[in-house]
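Okay, so here's the structure we're looking at.
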Amino acid sequence: MSVLVYIENVQGKFKKSTFEVISFAAAIAQKQNLPLVALSIGDVSDEELGKAGKYGVTKVLKAVGDSLKEMNVQPYASVIAQAAKAENAKVIVLSASFSGKGIAPRVAIKLDAGLADNVIDLPVMDGPFIVKKGAFSGKAFAFVEISSDVKVISMIPNSYKVVESPGSAAITIFETQIEAKDLTVTVKETKRSTDKVSLPDAELVVSAGRGMKGPENWGMIEELANTLGAATACSKPVSDAGWRPHSEHVGQTGIAISPNLYIAIGISGAIQHLAGVSSSKVIVVVNKDPEAPFFKAADYGIVGDAFEIVPRLVEAAKAFKSSQNG
Amino acid sequence: MKILVCIANVPDTTAKINFTPDNKEFVSTGVTFILNPYDEIALSKAVDLTTGGGTVTVINIGDASTEPTIRKALAIGATDAVRVNSKPRDGYFVARQIAEYVKTNPFDLILCGRESSDSNGSSVPAMLAELLGIPCVLFAKRLTIEGTTATLEQEIEGGKEILSSPLPLVAGASEGMAEWKIPNMRGIMSARTKPLVVIEPIEVPQHTTVKSYDKPIPRSSVKLIAAEDAGKLFDMLRDEKKVI
């Protein structure tokens with residue numbers, strides 16, 4: 001028996017969220033007294049794979065093949081299920097990334113396993129196996145018991161710390177069988193913006209709303225974000241108006257995020273917006289209206305005009321960064 | 001083209017969420033229920049795709065209380081509706097009920113919202129596709145169909161990808177796939193007489209159970225920084241919160 005963690009790579013590299021999910025799976029494995037096996041799919045160097053050993057993995061399975069070069073939900077789900085069977089995995093852990101969310105439900109069906117998606121904390125495992133997950137768009141949490149023998153869990157990025165543990169992992173090739181019926185979807189084109197921080201994984205997020213008056217004023221928001229190494233986000237009215245792309249919209253009907261720091265500029269804080277950002281660890285609100293509801297949900301508030309405050313924040317962020325580096 | 005749209009009945013996005021004193025159940029008294037916003041995008045897209053011909057069936061897993069939401073979907077433009085008469089226990093239960101229906105009533109395209117705003121689950125579309133042995137594109141922002149091939153744009157880590165998939169296919173609708181449609185008077189009038197079939201659920205093993213709910217701890221009161229001291233923010237974030 002084992003715990004299996006799927007370690008997702010982006011262009012051959014592991015992101016911080018991958019090490020989070022390994023650390024999370026390692027804690028489950030330790031509690032269950034089971035070995036932790038990691039599965040990597042696609043072209044990843046042995047040097048990169050070896051990093052998994054630093055976080056509690058004892059064995060890394062490496063699945064490669066022509067049909068596995070690009071992330072593709074159906075063959076990937078099939079390989080994960082094959083590995084789970086080969087390793088007699090009782091718990092299968094994935095990241096609730098875009099691809100993880102597409103893969104996990106398929107793995108659960110293939111293994112006749114119960115699925116808990118978007119989990120935000122370590123399961124309680126004394127007696128029933130109970131996970132904590134977000135519910136009602138961030139307005140509540142649900143505690144869900146998984147009662148099946150095999151369990152599939154997807155973990156929200158940024159919800160568990162990366163924990164190092166001494167050790168190393170043996171890397172072995174995992175032989176797979178991919179059926180033609182799993183290869184009907186083809187990726188025609190992939191566009192990645194490599195210079196920007198990906199929003200769901202970001203530790204720091206700078207977000208702006210209608211208070212910015214128009215898309216031409218986003219330069220200072222981007223400058224603040226770039227200085228801090230933060231991702232940029234926006235409120236729903238801003239993406240609806242086409243000022244910013246929908247992929248930046250955070251809130252109930254956009255992306256739900258849980259960064260360490262969320263800076264909201266010129267966003268009033270409607271309940272639908274708060275739902276998507278309320279699990280941020282620290283919230284800073286800049287708004288010229290002292291009655292803006294967002295101040296009630298903030299840790300720090302600055303009442304003032306964005307066009308006056310943001311340049312000051314940019315200047316201060318630059319000074320802060322240079323003092324950090326110096 | 002025959003399209004199936006899977007719809008969920010969820011609390012209004014502005015609703016305050018409360019639970020029974022033992023935290024075991026959601027209190028729905030006084031809460032308005034709506035069509036899940038992502039499902040509404042899916043439905044709007046389905047209506048757009050069938051303007052030149054075709055049908056849009058909506059399916060909901062719910063008790064009789066969800067019928068106003070189903071009628072709204074019919075008013076937006078669905079042709080007919082199916083209600084599986086049971087509370088939606090979990091994603092697996094819902095996916096199995098829909099798969100069961102689709103096995104005897106095949107569709108060219110199945111559209112769902114990318115997630116539901118109550119359980120925050122996004123498992124139904126991919127589970128359904130797996131049960132039916134067909135592809136699923138979960139975070140589809142754009143969808144075009146030519147003959148029996150769909151072209152989709154999907155959000156991925158740090159970017160997007162363009163995919164080509166044969167039909168039938170399950171697609172999860174994200175913002176951008178279609179404009180929300182507002183029902184017009186003719187739609188509202190005709191919705192009353194459109195067919196709504198009620199079927200009984202099949203037995204499905206239960207793998208997951210919600211044991212209780214909890215609400216986030218409210219933040220302690222906000223610390224206000226004077227506008228002229230805005231520059232001190234980052235030192236405070238480092239010293240007091242250690243987040244940068």
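Residue by residue through the stretch A:129-150, note down the ones that are of a type in the set (Phe, Trp, Tyr) and closer than 17 Å to B:Glu25 by Cα.
So in the stretch A:129-150, the residues of a type in the set (Phe, Trp, Tyr) come out as A:129, A:136, A:141, A:143.
Scanning the stretch A:129-150 gives A:Phe136, A:Phe141, A:Phe143.
Given the structure, is A:Glu216 free of Cβ contacts under 8 Å to residues at least 12 places away in the same chain, surrounded by fewer than 24 Cβ atoms within 10 Å (Cβ to Cβ) and in contact with an Asp or Glu (Cβ under 9 Å, 6 or more places away or on another chain)? Answer is no for this residue. Listed by position, the strands (runs of 3 or more DSSP E) enclosed by the stretch A:169-250 that each have at least 3 residues that are β-branched (Val, Ile, Thr) are A:170-173, A:186-192.
Hand me the list of strands (runs of 3 or more DSSP E) wholly inside the stretch A:42-156 holding 1 or more residues that are within 10 Å of chain B (Cβ to nearest Cβ).
Working: elements: A:59-63, A:89-95, A:114-119, A:129-135, A:140-146, A:151-155.
The qualifying strands (runs of 3 or more DSSP E) are A:89-95, A:114-119, A:129-135, A:140-146, A:151-155.
Filter the stretch A:265-300 down to the residues that are at the interface with another protein chain (Cβ under 10 Å from one of its Cβ atoms) and more than 27 Å from the chain's Cα centre (by Cα), then identify the one that is least open to solvent (accessible area, probe 1.4 Å). Out of the qualifying residues, it is A:Pro290.
Looking only at the stretch B:178-195, decide whether some residue is within 11 Å of chain A (Cβ to nearest Cβ) and surrounded by 14 or more Cβ atoms within 10 Å (Cβ to Cβ). Checking the stretch B:178-195: not a single residue is within 11 Å of chain A (Cβ to nearest Cβ) and surrounded by 14 or more Cβ atoms within 10 Å (Cβ to Cβ). Within the stretch A:144-182, the set of residues being touching a Phe, Trp or Tyr at 6+ places or on another chain (Cβ under 7 Å) and within 30 Å of B:Thr13 (Cα to Cα) comprises A:Glu145, A:Ile146, A:Met155, A:Tyr160. Screening the stretch B:1-25 for residues that are over 27 Å from B:Asn85 (Cβ atoms) and away from chain A (no Cβ under 14 Å) and picking the one that is least open to solvent (accessible area, probe 1.4 Å) gives B:Met1.
Going by what's in this entry, would B:Phe139 be described as in contact with a Gly (Cβ under 8 Å, 6 or more places away or on another chain) and not hydroxyl-bearing (Ser, Thr, Tyr)? Judged against the criteria, B:Phe139 is a match.
Residues are listed down the side, and each one gets a yes or a no for (1) open to solvent by less than 20 Å² (accessible area, probe 1.4 Å); (2) closer than 24 Å to A:Pro123 by Cβ; (3) in the same structural domain as A:Gln177 (by TED's automatic domain parsing):
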position: A:Ile22; (1), (2), (3): yes, yes, yes
position: A:Ala29; (1), (2), (3): yes, yes, yes
position: A:Ile41; (1), (2), (3): yes, no, yes
position: A:Gly50; (1), (2), (3): no, no, yes
position: A:Gly65; (1), (2), (3): no, no, yes
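Restricting A:Ala208, A:Ala169 to those that are on the phi < 0 side of the Ramachandran plot, surrounded by 16 or more Cβ atoms within 10 Å (Cβ to Cβ), in the same structural domain as A:Glu87 (by TED's automatic domain parsing) and not basic (Lys, Arg) reduces the list to A:Ala169.
Is it true that some residue in the stretch B:30-47 is under 21 Å from B:Glu179 (Cβ atoms), part of a loop (DSSP other than H, G, I, E, B), open to solvent by 10 Å² or more (accessible area, probe 1.4 Å) and not basic (Lys, Arg)?
From the stretch B:30-47, those under 21 Å from B:Glu179 (Cβ atoms) are B:34-47; that's our starting set.
From what's left, part of a loop (DSSP other than H, G, I, E, B): B:36.
Remaining after also requiring open to solvent by 10 Å² or more (accessible area, probe 1.4 Å): none.
Taking every residue of the stretch B:30-47 in turn, none turns out to be under 21 Å from B:Glu179 (Cβ atoms), part of a loop (DSSP other than H, G, I, E, B), open to solvent by 10 Å² or more (accessible area, probe 1.4 Å) and not basic (Lys, Arg).
The set of residues from the stretch A:207-239 being farther than 21 Å from B:Glu175 by Cα, of a type in the set (Val, Ile, Thr) and within 14 Å of chain B (Cβ to nearest Cβ) comprises just one member, A:Thr227. Scanning the stretch A:1-22 for residues that are within 14 Å of A:Phe98 (Cα to Cα) and out of contact with any helix residue (DSSP H, G or I) (no Cβ under 8 Å at 6 or more places or on another chain) yields A:Val10, A:Thr18. Scanning the stretch A:124-143 for residues that are at pLDDT 95 or above and over 29 Å from B:Lys16 (Cβ atoms) returns A:Pro128, A:Phe129.
Please verify whether A:Gly242 is open to solvent by 30 Å² or more (accessible area, probe 1.4 Å) and either of a type in the set (Phe, Trp, Tyr) or within 11 Å of another protein chain (Cβ to nearest Cβ) (or both), treating the condition exactly as stated. Lay out the reasoning, then the answer.
Numbers: open to solvent by 30 Å² or more (accessible area, probe 1.4 Å): yes; either of a type in the set (Phe, Trp, Tyr) or within 11 Å of another protein chain (Cβ to nearest Cβ) (or both): yes.
The answer is yes for A:Gly242.
Looking at this structure, is A:Asn9 open to solvent by 10 Å² or more (accessible area, probe 1.4 Å) and without any contact (Cβ under 8 Å) to a residue 24 or more places away in the chain?
Details: open to solvent by 10 Å² or more (accessible area, probe 1.4 Å): yes; without any contact (Cβ under 8 Å) to a residue 24 or more places away in the chain: no.
When the stated conditions are applied, A:Asn9 does not pass them.
The values are calculated or read from the model by the stated rules, or taken from the named source; none is laboratory data. Remember, it's a predicted structure, so these values are computed and weren't measured experimentally. All Cβ positions, glycine included, derive from the backbone under ideal geometry; neighbour counts span all protein chains shown. For accessibility, only protein heavy atoms count, side chains too; no ligands or nucleic acids. Shrake-Rupley method; radii C 1.70, N 1.55, O 1.52, S 1.80 Å.
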